[in-house]
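Data first, discussion second: the structure below is written as structure tokens.
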Amino acid sequence: MSTITRSDVAYVAGLAQLDMDEAATERLVDEMNSILDYMAKLNELDTDAVEPMMHAMALTNVFREDEVAPSLPRELALRGAPVHDEEYFMVPKILDAEGGGA
Amino acid sequence: MSPWYEKSAFEIREAVASGAVSARAVTESFLARIDAVDAQVGAYTQVWRDEALAQADAVDAKIAAGEPVGALAGVPISLKELICTQAGETTCSSKILAGFQSPYDATVTQKLLADDAVVLGKVNMDEFAMGSSTENSAVQKTANPWDLSRVPGGSSGGSAASVASATSAISFGSDTGGSIRQPAAFCGCVGLKPTYGRVSRYGLVAFASSLDQIGPLTRDVRDAALAMNVISGKDPRDATSADLPAEDFTKKLGASIAGLKIGLPKEYFVDALGSEVRTLVEKATKVLEEQGAEIVEVSLPHTEYAVSVYYIVAPAEASANLARFDGVRYGFRHPDAKNVTEMYVKSKSEGFGEEVQRRIMLGTYVLSSGYYDAYYLKAQKVRTLITRDFDEAFKACDIILTPTTPSTAFAMGEKSSDPLEMYLNDIFTISANLAGIPGISLPCGKSASGLPVGFQLLSKAFDEATLLQTAYCYEQHGGNDLGLPALS
């Protein structure tokens, strides 16, 4: 398999929405390479004819009747939010004043 | 008479239900024990003193009124920090959930309360259940009650330390790759990971959804069976919970194991296994053989790939599950964010600890475009091979017997600098989660330095009754009651 570089770490951090400083990036390059090297062991196995296992139980669709039931009261659902009003979760500005994306 | 905190859940429930002791007196005994020893052990992150006494009083009132009481009436329990409770906080021992009050109870919490258990509080864990030593908690350190300089194991380290130090009669933890069984082995208690789907995951904060299960850590096997009677069952709120008739898990306790076939997988008795652990596990095998079990050798040829598969599948699922902690609906939001993207990035980066960020990074990488087939798909295929190994082995035996861990509890700080070395500690427990089968760890003695050693029994899916029967038989005949650690 491939070797992880600093730019790989930066790219993955971007996907994961994590902020990595220089020291953390260096550390992760080493750690991820050592962990992924160990995992390369899996390539010893020929799995071309093997079905992947997505889940511990072989479930397909689990259906139920679509019935109205009590759900979480709004004030409880909002209780844990860092910022909220009576009805909504509040977040910082999504669009800037010029109309572009943040 | 020995104090109530030394009693098993079964004994406590019998005494409370028969009126021999009040639930309040039992609860007070455990609270006093917490006051006496938990400053050293550090199992509890929250003690719910007043709420626990109020619950105990409610049980006593039911008994005084002649009303029937539940299967865990008056039994003081603790819950791992990731099991949702409307009371108190549910922090997953993470900064990102500091102060979080769940708006609902987990199904397991509801069932325990409905059966009149008394919740003493919440116990420590590795942040988001990621770790094998509880050193990844952002809240506090937890020590192994048998040697305070050593780790209790993890991720349910607070649960195991609490049961071992007799500050709760039963603790409920969760097991994704060994997180109940490994700390149970390190702390000398019984730890059961049920079959995937046996216990509802509703209200269990998700780590790796195809692997997670809630289970009990107890002082003995009968208590584990009692706990399973309460928490098992189909839950409409968890579509992966199995729709099976209710079962009495105590029904085979005490039944003879004559003729039962116990398989020893040769791949587990390898060089990495410490000699003290090996000797004690072999002794335990002898005990079961003397009780009439037939010992056979079996093979689980893909065992050496389990750690690789697990550390691809679990971080992949975790990276998706943990994306929900975005600072919008609950948890920590960084105060300096100027826009939404900054809010996500700053909140996660500041809120998640080092190991959690490492796993999110690994999981994101193995799912990312160009690497999905090489890592994630490959791991899922090998997961199939590992599961087939068990299907084959269970054609030749009813129960598989293995060590739970390669060694006894390690020193704090000993493995925390090398993530891969820490991951390899899970080598004997991970396969059961990948295959979805149940496993139990129980004590089989102590090392020369006085540290508990555990061994593991595995069964076919949904055959916890035979697992408990075998474990109970060992417990009755193994002569390995460890007693309580010396804590002042």
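A short reminder: the numbers here are calculations on the coordinates, not readings from a lab. This structure is a prediction, so every number in the text was calculated from the model and none was measured. In this analysis, Cβ positions are derived from the backbone assuming ideal geometry, glycine residues included, and neighbour counts consider all displayed protein chains.
With a 10 Å cut-off around each Cβ of B:413-419, the average count of Cβ atoms from other chains is 1. Each 10 Å bin from 0 upward holds the following percent of the Cα-Cα pairs of segment B:4-102: 15, 41, 32, 11, 1. Beta bridges per DSSP, both residues in segment B:385-488: antiparallel share near 100 percent. Look at the stretch A:54-61: the mean tally of other chain Cβ atoms within 10 Å of its residues' Cβ atoms is 6. Each stretch of four or more DSSP H residues adds -39500 (n - 2.57); spread over every residue of chain B, this sum gives -11500 deg cm²/dmol at 222 nm.
Both the radius of gyration and Dmax for segment B:319-390 are 16.2, 53 Å, in that order, over alpha-carbon atoms. Short-range pairs are left out: with C-alpha atoms under 8 Å and at least six residues apart, the relative contact order of chain B is 18 percent. The C-alpha atoms of chain A define a longest principal axis, and helix A:6-15 lies at about 30 degrees to it.
Exposure proxy for B:147, B:336, B:248: other Cβ atoms within 10 Å of each Cβ, ordered fewest to most, give B:336, B:248, B:147. Among the aspartates and glutamates, select those whose C-alpha is under 14 Å from the C-alpha of residue B:338, and discard any that sit fewer than 8 residues away in the same chain. Hits, sequence-local ones excluded: A:96. The ratio of the alpha-carbon radius of gyration of segment B:241-349 to the globular-protein estimate 2.2 N^0.38 Å is 1.86. With the Kirkwood sum run over all distinct C-alpha pairs, segment B:359-473 has a hydrodynamic radius of 16.5 Å. Legend: ranking of residues B:81, A:51, B:89, B:475 from fewest to most surrounding C-beta atoms inside 10 Å; resulting order A:51, B:89, B:475, B:81. Per residue of peptide B:348-360, the mean number of Cβ atoms on other chains within 10 Å of the residue Cβ is 3. Measuring max minus min along each principal axis, the C-alpha atoms of segment B:422-461 give extents of 35, 23, 6 Å (largest first). Beyond 30 Å in Cα-Cα separation lie the following of the pairs B:62/B:193; B:80/B:261; A:41/B:193: B:62/B:193; B:80/B:261.
Distance from the Cα centroid of segment B:1-66 to that of segment B:310-354 is 38 Å (rounded to whole angstrom).
In chain A, one over the average inverse separation of all distinct C-alpha pairs is 20.0 Å, which is the Kirkwood hydrodynamic radius. Normalised by 2.2 N^0.38 Å, where N is the number of residues, the C-alpha radius of gyration of segment B:243-285 stands at 1.74. For chain B, dividing the convex hull volume of the Cα atoms by the residue count gives 140 Å³ per residue.
Among beta bridges from DSSP that stay inside segment B:35-148, the antiparallel ones total about 45%. The equivalent ellipsoid that matches the C-alpha gyration tensor of the protein assembly as shown spans semi-axes of 36, 31, 22 angstrom, in descending order. Overall form of segment B:180-263: oblate. Here a/c, set by the Cα gyration tensor axes a ≥ b ≥ c, is 1.5 or more, and a/b is not larger than b/c. Centre-to-centre, using Cα atoms only, segment A:34-77 and segment B:414-481 are separated by 25 Å. Packing, taken as the mean count of other beta carbons within 10 Å per residue, orders the peptides B:451-460, B:402-411 from highest to lowest as B:451-460, B:402-411. Once the C-beta distance of residue B:248 and residue B:18 is scaled by a Förster radius of 25 Å, the resulting FRET efficiency is 0.75 to the nearest 0.05.
Here the peptides B:427-438, A:54-65, B:158-169 are ranked by packing, the mean other Cβ count within 10 Å, and the order with the highest first is B:158-169, B:427-438, A:54-65.
Here residue B:446 is the anchor, and the lysines within straight C-alpha reach of less than 16 Å, apart from those fewer than 8 places off in the same chain, are B:283. The ranking of B:4, B:48 by Cβ neighbour count inside 10 Å, starting from the fewest, reads B:48, B:4. Given a cut-off of under 8 Å on Cα pairs at least six residues apart, what relative contact order in percent is computed for segment B:207-267? It rounds to 24 percent for segment B:207-267. Dividing the mean sequence gap of close Cα pairs (under 8 Å, 6+ apart) by how many residues chain A holds gives a relative contact order of 15 percent. Roughly what % of DSSP beta bridges within chain B run antiparallel, to the nearest 5? Once the DSSP bridges in chain B are tallied, antiparallel ones form about 65 percent. Taking Cα centre as origin and charging only the Cβ of basic (Lys, Arg, +1) and acidic (Asp, Glu, -1) residues, the dipole magnitude of the protein assembly as shown rounds to 620 debye.
Residue-wise HN-Hα couplings along segment B:30-41, as the Karplus relation 6.51 cos²θ - 1.76 cosθ + 1.60 with θ = phi - 60° gives them from phi, are 5, 5, 5, 5, 4, 4, 6, 10, 6, 4, 7, 7 Hz; Gly and Pro carry x.
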